[in-house]
1. Show that you can apply the helix-only estimate: for the chain, add -39,500 (n - 2.57) for every DSSP H stretch of four or more residues, divide by all residues, and state [θ] at 222 nm to the nearest 500.
2. Just tell me which lysines come within less than 25 Å, Cα to Cα, of Lys68; anything on the same chain fewer than 8 places away is out.
3. With a 10 Å Cβ neighbour count serving as the proxy for reagent exposure, in which order, fewest first, do Leu66, Leu80 appear?
4. Counting Lys and Arg as +1 and Asp and Glu as -1, what is the net charge of the other residues whose Cβ lies under 13 Å from the Cβ of Ser48?
5. Any chance you could get the radius of gyration and Dmax over the Cα atoms of the chain, in Å?
6. With contacts defined as alpha carbon pairs under 8 Å and 6 or more residues apart, what's the relative contact order of the chain in percent?
7. Once you have a ≥ b ≥ c as the square roots of the Cα gyration tensor eigenvalues for segment 1-60, tell me rounded if a/c is under 1.5, and otherwise prolate or oblate according to whether a/b is larger than b/c.
8. Quick check on segment 11-99: of the DSSP beta bridges with both residues there, what percent are antiparallel, nearest 5%?
Amino acid sequence: MSQQTKPRWTAMRTKESRLIEKVLRHAFPNTDAYRYNSASIRVRVVDSRFDGKSAEKRDEMIEPHLRKLPKNVQAEIINLLTLSPSELADSKSPPANAEFEDPSNSML
């Protein structure tokens with residue numbers, strides 16, 4: 001029997017990243033967030049409603065929910081990935097998703 005290990009980023013969750021997840025999951029259940037370093041938080045939202053939509057349209061869908069967060073938390077979101085399930089499953093998934101999954105070491 002093999003044991004699955006959790007991705008390293010799951011240990012990088014903070015009070016702020018959990019707040020982001022809580023707020024966004026009301027509209028986008030498949031949301032993950034973690035603190036990459038002292039100055040930035042990464043967020044990934046996967047939703048079928050993004051399929052075929054431009055990055056601008058996806059941002060328009062997310063923005064009203066982000067505005068519910070405290071301003072200081074909003075300001076720390078440096079990387080926001082909005083992916084459809086098919087993009088996530090694609091073997092040519094965006095490089096930013098690979099970085100989300102396996103974060104490089106921060107210089108901070």
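Computed from the coordinates by the stated procedures, all read-outs in this text should not be read as laboratory data. These numbers come from a predicted model, not from an experiment. Heads up, the Cβs are rebuilt from the backbone with ideal geometry, glycines too, and the neighbour counts pull from every protein chain shown.
1. On the way: 5 runs with 41 residues, N = 108.
One gets -10500 deg cm²/dmol as the mean residue ellipticity at 222 nm.
2. Lys15, Lys22, Lys53, Lys57
3. Details: Leu66 16, Leu80 20.
Ascending Cβ contact count within 10 Å gives the list Leu66, Leu80.
4. Numbers: positive: Arg49, Lys53, Arg58; negative: Asp47, Asp51, Glu87.
Summing Lys/Arg as +1 and Asp/Glu as -1 gives 0.
5. Cα-based Rg and Dmax for the chain come out at 13.9, 46 Å.
6. On the way: 129 pairs, mean separation 32.8, N = 108.
Relative contact order for the chain comes out at 30 percent.
7. oblate
8. On the way: 6 of 12 bridges.
Of those bridges, close to 50 percent are antiparallel.
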